[in-house]
Amino acid sequence: MQLMKILALFLVLSFTNLLSAETLDMQQYMRDTEALAKQGEYEKALERTLWFHDNALKHQPSMSGVRLSFALGDWMDLAEKYPAALKAMQKVRDEKTDTLKSGRGNFNLFMDVNALNRTLKEESKTIDLFRLIDEKQPDLAKICWIVAKPVVIKNKEFDLADKYLGNLLTEFDVIKERYEMMVSRSDKSKVGRAQLKSMNENRLVEETLLLIETAKALNEVDTAKEIQKRALGLLDDRRLRKALP
């Protein structure tokens with residue numbers, strides 16, 4: 001009987017903890033943290049920010065995108081007012097980087113480091129880290145490439161692009177699909193339609209130009225011309241026309 005009581009108590013506690021995790025609203029947590037920062041409660045806001053970064057996904061897995069975008073933006077906003085927040089972000093980034101360098105990291109940790117470097121405007125550190133992983137942990141590098149790819153292409157690290165990029169026309173198809181999806185969304189939007197349209201078109205042009213430049217650097221001139229042709233079929237933009245003679 002005593003064992004049954006213990007098991008029953010365990011189940012009740014487990015259910016209570018699960019319920020608490022499910023009902024803890026991480027969006028509201030972020031809003032409350034932002035409110036503290038606006039009130040000048042910087043130390044409390046930083047404590048909550050660090051807790052959110054470490055624990056948000058345990059309570060609300062759907063916050064994965066927000067955690068590495070808006071939440072880091074809020075963290076940097078706090079850092080502009082409170083230098084300790086900047087040091088904390090750099091420390092978290094460095095600790096996660098060291099874990100990856102030691103061979104104990106994984107894809108999720110690389111995503112974190114990439115997002116932190118992007119927020120800190122130190123993307124060169126992502127490239128340095130990826131090069132080390134490429135050398136020491138090639139299997140992990142293959143998995144992390146999808147995260148490293150935009151940074152590698154943006155910074156024109158063509159040797160890495162040559163090693164990991166697949167068919168460049170297939171890469172353009174990904175850009176095209178994203179562009180067409182955003183066109184559909186902006187057409188349906190009732191607010192800020194012109195701004196969304198402009199942002200989407202600019203993204204298409206910038207990503208295509210980088211891909212054309214990569215193709216040229218890899219001596220795939222015919223591929224570069226085909227990418228240009230397909231892009232102009234989507235959007236007649238002066239920058240795309242000037243990309244190749």
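Please treat every number below as a calculation from the coordinates, not as lab data. The shown structure was predicted, so the numbers you read here are calculated from the model rather than taken from an experiment. Cβ sites come from the backbone with ideal geometry, for glycine too, and all protein chains shown count toward neighbours.
Brief remarks follow.
- Remark: Arg67, Arg193 ranked as Arg193, Arg67, counting other beta-carbon atoms within 10 Å and listing the fewest first.
- Helical content alone sets the calculated 222 nm signal of the chain at -27000 deg cm²/dmol, taking -39,500 (n - 2.57) per DSSP H segment of four or more residues and averaging over every residue.
- Reach of Lys38 by Cα under 16 Å, taken over lysines that are not fewer than 8 positions away in the same chain: Lys81
- Cα long-axis angle, helix 193-217 against the chain (0 to 90 degrees, to the nearest 10): 60
- For region 166-245: lysine pairs under 27 Å (alpha-carbon distance), excluding those fewer than 8 apart on one chain: 16
- The fewest-to-most ranking of Phe172, Phe70 by surrounding Cβ atoms within 10 Å reads Phe70, Phe172.
- The slack between Arg104 and Ser124, meaning 0.36 nm per residue of separation minus the straight C-alpha distance, is 5.0 nm.
- Histogram of C-alpha separations across region 166-245, 5 Å bin width, %: 3, 16, 27, 23, 15, 8, 5, 2, 1
- Candidate aspartates and glutamates - alpha carbon under 19 Å from Lys101, same-chain residues fewer than 8 apart omitted: Asp112, Glu122, Glu123, Asp128, Asp134, Glu135, Asp139
- Ranking of Trp145, Trp75 by neighbouring Cβ atoms within 10 Å, starting from the fewest: Trp145, Trp75.
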